[in-house]
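Here the structure is laid out as structure tokens; the discussion comes afterwards.
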There are 2 protein chains.
Amino acid sequence: MTRRGQYAKGAAKRAEILDAALEVVAEHGCRKASNREIAARVGLTQAGLMHHFGTREELFIEVLRARDQRDLEQFYAPHRGFQGLLDVIAHNVTVPGLVRLYVEYSAEATIAGHPARAFFEERFAWVRGLLIEALQQEQIEERMGPELDLPFVADLVIAATDGLQVQWLLDPSIDMTARLARLWEGVRASSWPTILA
Amino acid sequence: MTRRGQYAKGAAKRAEILDAALEVVAEHGCRKASNREIAARVGLTQAGLMHHFGTREELFIEVLRARDQRDLEQFYAPHRGFQGLLDVIAHNVTVPGLVRLYVEYSAEATIAGHPARAFFEERFAWVRGLLIEALQQEQIEERMGPELDLPFVADLVIAATDGLQVQWLLDPSIDMTARLARLWEGVRASSWPTILA
DNA sequence: GTCTATAAAAGGATAGAC
DNA sequence: GTCTATCCTTTTATAGAC
């Protein structure tokens, strides 16, 4: 019971910190989001914060992991096909801090030896896999031709999604979901097969 | 003459610095590229570097400006159509530092009040304009249907290009040019008109 | 134009008390 | 689990000599 309570409290505090980190990132950007300010938002000192996350990098990675887990549960299911991705993007519009963290941190992490590089490599492969599954379902239900090169289409859609997020951060009036939906309609209805197959 | 020589020397040093900045960014990333190391590469102290560029941000923006200017002269011409973009991307593969700077710095600069935000906003509008011009040329020469929504296609191509660059930084074996060429063939040959028009 | 010297700040991380 | 206190590093930027 005491032990249980301690764990529960620790987990609650961690969750609180993850939310605070998002707030600060949304306001100042990932680069200028200091541990001190994140800590202050949850009534901790910087040292107190470091007790929960060994390093700053672990904190950011944990934020992104939690996001992926939530998105997976809330929006993804193989039978939903492409709609799953569209729902994720529609949801992203409501969490600009998360979009900013993803865009900024994924860019920074591409450098060799960066502590978050492996995370993004693995995440990319994982997302590609999910998207390919979703596209296969679209083929099975015959909303999409059977000849398309799925890995190519998946990577292209991911690239467009990532690029759109930067455009959206610069101009939030852009409707990311509508644009992706339009891209998807283009892929679906395409007579691309002879080219993309 | 003396004056001329001074200017020439100053300009040469500036150019040297821009190259050095790219080297350091390629190795450590934009975030970890310190003024000190850039200065050291050209045999200057950090203070000496600051004489040429008032701030770090001006230096980075200048690097990107010089790149755009060069790309414009070397690769872009309205009558070349989409090939201009393909050539730029093919060239990008040979300058990873530039790609890294662009990806990382454009992400960071999306934050409100960032000194480079205006630069990226303007650059984005400029690139979109060039691409639309190029696409119009493709239509004129009837390599592409007349019904397509050009601004939409342009933004989508830019998004895909930007997203591909992140993928490429994580995995340099990806052939960005081939993927964009394939996207372009898809757009071109598409029976998208009823959807995208 | 370049250097030396220094400011002045901010950052992440750790040790040890409670 | 959290705080206080502190360390140490690194960074950008400036002032003034040469």
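Things worth noting here:
- Distances in nm from B:Asp19 to the matching label points in the other copies, shortest first (labels 7 Å along Cα to Cβ): 5.4
- Folded to 0 to 90 degrees: helix B:96-108 orientation relative to chain B principal axis, Cα: 80
- Set of lysines near B:Lys32 by C-alpha distance (under 21 Å), chain-local residues within fewer than 8 positions excluded: A:Lys32
- Cα long-axis angle, helix B:56-75 against chain B (0 to 90 degrees, to the nearest 10): 50
- At full extension, B:Ala125 and B:Arg80 could sit 14.2 nm farther apart than now, given 0.36 nm per residue minus the alpha carbon distance.
- In this Cβ point-charge picture (+1 for Lys and Arg, -1 for Asp and Glu), segment B:56-191 has a dipole of about 220 debye about its Cα centre.
- When only alpha carbons are used to place a centre, segment A:93-142 and segment B:69-144 end up 24 Å from one another.
- Taking chain A and dividing mean pair separation by its residue count, relative contact order in percent (alpha carbons under 8 Å, at least six apart): 20
- Protection proxy ranking of B:135-142, A:7-14, by the mean of other Cβ atoms within 10 Å over each peptide's residues and highest first, is B:135-142, A:7-14.
- Debye, to nearest 20: dipole size of segment A:1-54, +1 on Lys, Arg Cβ, -1 on Asp, Glu Cβ: 280
- Label-point separation in nm, B:Gln46 to A:Val93, each point 7 Å along Cα→Cβ: 4.4
- Using alpha-carbon coordinates, inclination of helix A:117-140 to the longest axis of chain A, degrees: 40
- Inter-chain Cβ neighbour count for B:101-108, averaged per residue, equals 6 (cutoff 10 Å, partner chain atoms only).
- For B:Gly48, inter-copy separations between label points set 7 Å beyond Cα along the Cβ vector come to 4.9 nm, shortest first.
- Inter-label distance, nm, simple model (7 Å from Cα along the C-beta direction), B:Ala8/A:Tyr7: 7.6
FYI, it's all coordinate maths here, none of it is from the lab. Predicted, not measured: the structure shown is a model, and the values here were computed from it. Neighbour counts are summed over all protein chains in view; Cβ atoms, including those assigned to glycine, are modelled from backbone coordinates with ideal geometry.
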